[in-house]
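Have a look at the structure below, then the notes.
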């Protein structure tokens, strides 16, 4: 099933997305729904349909309870283009996964604005990514069992300020500015997608295709990531993990193609949908 968070008459709802309509669920937010472990029972009590055009979609999880966990340089071609842009900042000498966190006070909704932060950011970039949402507490997870811990999947655009990111020699600040985490348009629950996911992923800027890949090409798989992280930390239900972006980001072009005001960015993943946002 597809789950959304939306506004209707100024009130926030969680709902089922079915065709061109939404049906409200008796749950205050998706964090609570995920933590309850009672999706089937809650979905069975969905309310009457409302046409999709009568509501405003928000990010599926507008306010994640924790920072988003992110994978850096997790597609081979993106690793190569990043090193070509700034070898000192992005050189990866070891095959180990690159982890960082992304602060999200409020995730940007579908059709929402990507903040450009003039005066602070000059090199604004996009990154289409498959995000995994955990459905239960995870500790000491074996890679082969990782699929049992997945609640669902969504799209995240890991918006990045390349000048801030490289200038600080670490990525937290340059990845965590307000308006830097578009998410959506929905969460597709795990039973709808075979594990591990092998989904076409792409990004377009003003209609120009910039990124095209498949999530099967991850260097560090979802199972490997969960096994490694949970060997030393507990991940809670509702944790969002952005699995990395493929080649074709703005900094990978010669000359670079950074975002500017008015640009429309569309991130698309097979079976999930299109996440469309405009740069303010």
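Coordinate-derived values only; no laboratory data. What you see is a predicted model; the values in this text were computed from it and never measured. For neighbour counting, all protein chains shown are included, and Cβ atoms are generated from backbone atoms with ideal geometry for every residue, glycine included.
Using a ≥ b ≥ c from the Cα gyration tensor of segment 68-279 (square roots of the eigenvalues), is it rounded, prolate or oblate, where a/c under 1.5 gives rounded and otherwise the larger of a/b and b/c decides, a/b for prolate?
Since a/c reaches 1.5 and a/b is larger than b/c, the shape of segment 68-279 is classed as prolate.
Beyond 15 Å, what percent of the Cα pairs of segment 125-213 remain? Display every interim value, and only then the final one.
Numbers: 2659 of 3916 pairs.
Within segment 125-213, distances greater than 15 Å cover 68 percent of Cα pairs.
Using every pair of alpha-carbon atoms in segment 207-280, split the distances into 10 Å bins beginning at 0 and state the percent of pairs per bin, rounded to integers.
15, 37, 30, 17, 1
For segment 2-58, state the semi-axes of the equivalent ellipsoid (square roots of 5 times the eigenvalues of the alpha-carbon gyration tensor), sorted largest first and rounded to whole angstrom.
In descending order the semi-axes read 18, 12, 9 Å.
If R0 is 41 Å, what FRET efficiency do you get for residue 65 and residue 260 from their C-beta distance, rounded to 0.05?
Given R0 = 41 Å and the Cβ-Cβ separation, E is 0.75.
To test your reading of the geometry: what angle, between 0 and 90 degrees and rounded to tens, separates the Cα axis of helix 76-85 from the longest principal axis of the chain?
50
Sequence gap at least 6, Cα distance under 8 Å: using those rules, report the relative contact order of the chain to the nearest whole percent.
Values: 701 pairs, mean separation 68.8, N = 280.
It rounds to 25 percent for the chain.
Could you check the spin-label model distance between residue 99 and residue 117? Points 7 Å from the Cα along Cα→Cβ, value in nm.
2.4
Please work out whether segment 87-177 counts as rounded, prolate or oblate from its C-alpha gyration tensor, where a ≥ b ≥ c are the square roots of the eigenvalues and a/c under 1.5 means rounded, while otherwise a/b larger than b/c means prolate and anything else oblate?
oblate
Calculate for the chain the 222 nm mean residue ellipticity that helices alone would give, adding -39,500 (n - 2.57) per DSSP H run of length 4 or more and normalising by residue count, nearest 500 deg cm²/dmol.
Dividing the helical sum by the residues of the chain leaves -4000 deg cm²/dmol.
For segment 157-276, build the convex hull from the C-alpha positions and give me its volume per residue in Å³. All intermediate terms of the calculation are to be shown ahead of the outcome.
On the way: hull volume 16.8 nm³, N = 120.
Dividing the Cα hull volume of segment 157-276 by its residue count gives 140 Å³.
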